[in-house]
1. Could you please find all residues in region 127-139 being part of a loop (DSSP other than H, G, I, E, B) and either under 23 Å from the mean Cα position of the chain (by Cα) or polar (S, T, N, Q) (or both)?
2. Taking Leu263, is it over 21 Å from Pro161 (Cβ atoms) and either assigned by TED's automatic domain parsing to the domain that holds Phe362 or not β-branched (Val, Ile, Thr) (or both)?
3. May I ask you to list the residues in region 307-352 that are among the charged types (D, E, K, R), part of a helix (DSSP H, G or I) and over 14 Å from Gly262 (Cα atoms)?
4. Looking at Tyr208, Tyr228, Tyr216, which is the one that is part of a loop (DSSP other than H, G, I, E, B), under 19 Å from Ser258 (Cα atoms) and among the aromatic types (Phe, Trp, Tyr)?
5. Out of Asn39, Asn92, report the one residue that is free of Cβ contacts under 8 Å to residues at least 24 places away in the same chain and either under 30 Å from Phe282 (Cβ atoms) or among the aromatic types (Phe, Trp, Tyr) (or both).
6. Is it true that some residue in region 326-336 is under 19 Å from the mean Cα position of the chain (by Cα) and within 30 Å of Phe71 (Cα to Cα)?
7. Give me the pairs, please: first residue somewhere in region 311-323 and in the same structural domain as Ser259 (by TED's automatic domain parsing) and modelled with pLDDT of 90 or more, second residue anywhere and of a type in the set (Gly, Ala, Ser) and surrounded by 18 or more Cβ atoms within 10 Å (Cβ to Cβ), beta-carbon distance under 6 Å, and either six or more positions apart or on two chains.
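The values are calculated or read from the model by the stated rules, or taken from the named source; none is laboratory data. The structure presented is a predicted model; accordingly, all values stated were derived computationally and were not measured. Don't worry about glycine lacking a Cβ; one is built from the backbone with ideal geometry, like all the others, and counts go over all protein chains shown.
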Amino acid sequence: MLFGQNFLLFSQVKISFFTGKIATLKSSSEHLFLAGDFNGWNPADKNWELLKTPAGNYVLNKELPVGIVHFKVTRGSWNSVECDVAGKPIDNRNLKITADTTIKLDIEAWQDNFGVPEKKHTATARVHLISEKFQMPQLGRQRRVWIYLPAGYDAGKKKYPVIYMHDGQNLFDDYTSSYGEWGIDEMMDKIPVRQESIIVGIDHGGEYRITEYDPYNSKYGEGRGDDYVQFLIKELKPYIDAHYRTQTDAAHTTIAGSSMGGLISMYAALKYPGVFGNAGVFSPAFWIAPQIYDQAQQATINKMSRFYFVCGDAESESMVADMQKMADLLKSRGVKPENAPVTIIKGATHNEKQWNGDWPGFYKWLMEF
């Protein structure tokens, strides 16, 4: 699950984590950590280490804001994360924080006792690598870029709409994904010929992900979001349009992503409506960049721009409200209701499985030009 949960400055409450029944450790000197959306899913964060007590269990006391958090227990790496008794990955722990509480952590087994689960390539034949090292001069970096081409592309002359998507590692191939893939290619393989699109996936930058997808400065560093979008506009889109049969106008050019990718998609469509006429805003991390609301308030709104908002109601305490606030703001500025729909998925959390389920509704709406 990619980092992107909501931790606004609500009142702090005291949470005491303690271990109950846990699987045998390899040595008595091992360290246990919590890795979650509160620390960027860092599996060895010293600030989130559980300390061993004289009684032999492990304890961590923290103050956290009211809301929902997701996490797992590790022994310092993702190879030694907790798992079930059969060695299979478990879902993220889900904790709804409302008041001071204690949380008992029972751990069935550790992943490294079973070996690392074998990962296989799952990308379909229609997915291709454009480059492992596409130049990003605006950022002084390189990045892997993927492309999904519709069936019959090589044999025909048709021009296609294009969807630019972030976090390319997690779109098509389970082998390259960190938390599972969206399965975009499998879903697109089932699309009727008359509704096909080209999909371009740009890998995220690992340690640079948050700042590359944030247009504004924050506690995480200097926001490089506009540089990233400039790369899309000045380098990648011209390349795609020159080498593939695309419909180049804004109405047929979409930008889409989840979490921080939802934030940067929102920004790109607001600031550059002449390039990106549509935005797929999945579980957006608006909490990290509240300036996005000022951007929406001050931007010259193209009344033809279209925005699709979707999230789960179990993602965070304010995800739904944050997203609804943006949709209402757009509508107050002249965007038609049908061009800024809001979809809330009951019980859905913040992960690729959810976004896989969100995709068909988004794509059906997108094709209703």
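1. Gln138, Leu139
2. Answer is yes for this residue.
3. Lys325, Asp328, Lys331, Glu338
4. Working: Tyr208 fails: part of a loop (DSSP other than H, G, I, E, B); Tyr228 fails: part of a loop (DSSP other than H, G, I, E, B).
That would be Tyr216, the only listed residue that is part of a loop (DSSP other than H, G, I, E, B), under 19 Å from Ser258 (Cα atoms) and among the aromatic types (Phe, Trp, Tyr).
5. Going through Asn39, Asn92 in turn, the sole match is Asn39.
6. Yes, region 326-336 has at least one match.
7. Cys311/Ser283; Gly312/Ala348
Residues checked against (1) in contact (Cβ under 8 Å) with a residue 60 or more places away in the chain; (2) of a type outside the set (D, E, K, R); (3) within 25 Å of Lys190 (Cα to Cα):
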site	(1), (2), (3)
Ala279	no, yes, yes
Asp294	no, no, no
Phe307	no, yes, yes
Thr349	yes, yes, no
Met367	yes, yes, yes
